[in-house]
Structures are given as C-alpha cells and as structure tokens.
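For reference, the structure is listed below as structure tokens.
The values are calculated or read from the model by the stated rules, or taken from the named source; none is laboratory data. As the structure is a prediction and not an experimental result, all values here were calculated from the model. Cβ placement follows ideal geometry from the backbone for every residue including glycine, while neighbour counts extend to all protein chains displayed. Just so you know, the surface numbers come from the protein's heavy atoms only, side chains and all, with ligands and any DNA or RNA stripped out. Shrake-Rupley method; radii C 1.70, N 1.55, O 1.52, S 1.80 Å.
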Amino acid sequence: MPADQVPADDERAAPSTGAVICADGLARPPWAASDPLLRDYYDTEWGMPVRGEQALYERISLEAFQAGLSWATILRKRPAFRKAFDDFDPEAVAAYTEADVERLLADPGIVRNRLKVRAAVTNARATLALRAEGGLDAFVWSFRPETTPAPRTMTEVPTRSPESAALAKALRRKGFAFVGPTTMFALMEAIGMVDTHLVGSHRRGTSGVWT
C-alpha cells in the first residue's frame with residue numbers, strides 16, 4: 001500500500017520484522033504506525049475479507065482513484081466519495097449521464113480526474129453485466145491464490161503477482177478500466193485475498209482466510 005509514513009519519536013522499528021512497535025505496544029508496518037486514520041484503517045479494515053457486489057465495486061473504484069496518490073488521501077475523502085457516488089451502488093452509478101460526470105468533476109470533496117470518474121461509471125456498468133456470469137464477488141474471488149506471501153520487511157511485500165495480473169486481464173476483458181496488475185494486487189491485499197501483513201504485525205493472520 002503506497003503511504004509515506006514516518007514513525008513518531010515514541011515508536012521504534014523492530015529490526016527482526018521490519019514492523020514498527022507503536023506507543024500502544026503493538027507492531028504495525030511503517031505506513032500504519034503514525035497517522036491515526038491509517039492506523040485505525042489498518043487495525044479494523046485492511047486485509048479483512050470483503051464480499052458482496054457493492055462492497056467490491058466500491059473497493060475497485062477507490063483503488064482506481066488512488067492510482068498515483070497516497071491511500072491516506074483516498075481514505076480521508078472516502079465519505080465524500082460515498083456521498084458523491086450514491087454509496088457506490090453500481091445500479092445508480094451505471095445510470096450516470098454526462099451531467100453526472102460534470103457534477104462529480106465539480107465536487108471538491110473527491111479526486112477530480114475525468115478518466116477516473118468515467119472509469120467508475122464504466123466499471124459500474126461492467127459490474128452489472130457480470131451478474132449474468134455469477135457476479136463480481138465470485139469473479140474476483142476466483143483469482144484467490146493457493147498461497148500467500150509471508151513478508152518480514154516492507155521490501156519483501158510484493159506489488160503484483162501472477163494472480164493480480166490474471167485478474168486485471170480478465171476484468172479488462174469484461175469491460176473494466178483502471179484495473180492494472182498493481183492496482184489489483186492492492187485490492188487483493190485490502191480485501192483479504194492475500195495476507196501481506198508483516199510476520200511481526202499484530203494483525204497477521206486475523207482475516208481467517210489464511211492460517
């Protein structure tokens with residue numbers, strides 16, 4: 001996950017794991033060690049299983065908006081994104097017109113990038129089309145790998161995988177946009193399809209997906 005976080009003075013790196021021992025005594029990766037918003041997200045959401053069409057459509061959309069930016073930026077704007085995009089209801093977004101696109105581009109609460117806004121609409125329509133083939137949930141989770149990484153340091157955390165490349169290719173074939181292999185690996189991390197929590201982190205293995 002892209003985030004340039006510097007540990008605070010009362011936090012120290014654990015050299016054996018690459019994790020950071022925070023003031024509360026818990027070990028987290030550097031990106032989740034300092035910013036309270038990122039720390040809470042890491043402790044409660046990141047890496048936990050996400051299922052369901054609407055929830056996965058939202059995650060795909062936000063990962064696309066994150067491209068080239070920090071995740072902290074997207075997380076802080078998430079309430080505004082949800083309001084602007086009708087809580088990422090794919091049926092609602094699929095019906096957006098050019099007037100809606102212009103409305104979104106005038107909204108200072110979100111990332112105002114025309115290509116990304118259009119991709120969100122495109123992906124909503126592609127999500128609806130996937131219902132005829134079992135739905136977005138089953139489609140995305142069918143690319144879950146047989147094994148998961150076990151990184152001890154941040155340098156050992158992959159940024160893509162054969163499965164994320166295959167998922168990206170398959171989604172593009174279904175009409176999705178802004179779903180490259182790196183973006184899809186970030187999605188797989190965030191929704192628990194892979195566990196890239198550092199081995200020394202207090203969150204390692206908490207998803208229940210991987211033992």
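Just to be sure I understand, if you calculate percent of Cα pairs over 30 Å apart for this structure, which of (1) 34; (2) 23; (3) 16 do you get?
Among (1) 34; (2) 23; (3) 16, the one derived from this structure is (2).
Would you mind telling me the share, in percent, of accessible area of the chain contributed by carbon and sulfur at probe 1.4 angstrom?
The value for the chain is 53 percent carbon and sulfur by accessible area.
Would you work out if segment 121-211 is rounded, prolate or oblate? Take a ≥ b ≥ c from the square roots of the eigenvalues of the alpha-carbon gyration tensor; rounded if a/c is under 1.5, else prolate when a/b is larger than b/c, oblate otherwise. Write out the running numbers ahead of the final one.
Details: a/c = 2.68, a/b = 1.96, b/c = 1.37.
Taking the square roots of the gyration eigenvalues as a ≥ b ≥ c, segment 121-211 is prolate.
Rounded, prolate or oblate: which fits segment 42-130, taking a ≥ b ≥ c as square roots of the Cα gyration tensor eigenvalues, rounded meaning a/c under 1.5, else prolate when a/b beats b/c?
Verdict is oblate for segment 42-130.
Kindly provide the GluC sites (Glu not before Pro) of segment 94-176 that DSSP labels as loop, not H, G, I, E or B, and whose Cβ sees at most 11 other Cβ atoms within 10 Å. Please report the intermediate quantities before stating the final value.
Working: sites: E98, E102, E133, E146, E156, E163; in loops: E146.
Answer by residue number: E146.
Per DSSP H run of at least 4 residues, take -39500 (n - 2.57); add these up for the chain, divide by its residues and hand me the 222 nm value, nearest 500 deg cm²/dmol. Walk me through the numbers before you get to the answer.
Working: 9 runs with 95 residues, N = 211.
When only DSSP H runs of four or more count, the value is -13500 deg cm²/dmol.
Report the local net charge at T148: Lys and Arg +1, Asp and Glu -1, summed over other residues whose C-beta lies under 13 Å from its C-beta.
Spelling it out: positives minus negatives among the neighbours equals -3.
Quick check for you: with a 1.4 Å probe and neighbouring chains kept, what is the accessible area per residue of segment 101-211, in Å²? The partial results should precede the final answer.
Values: 5100 Å² over 111 residues.
With the other protein chains kept in place, segment 101-211 gives 46 Å² per residue.
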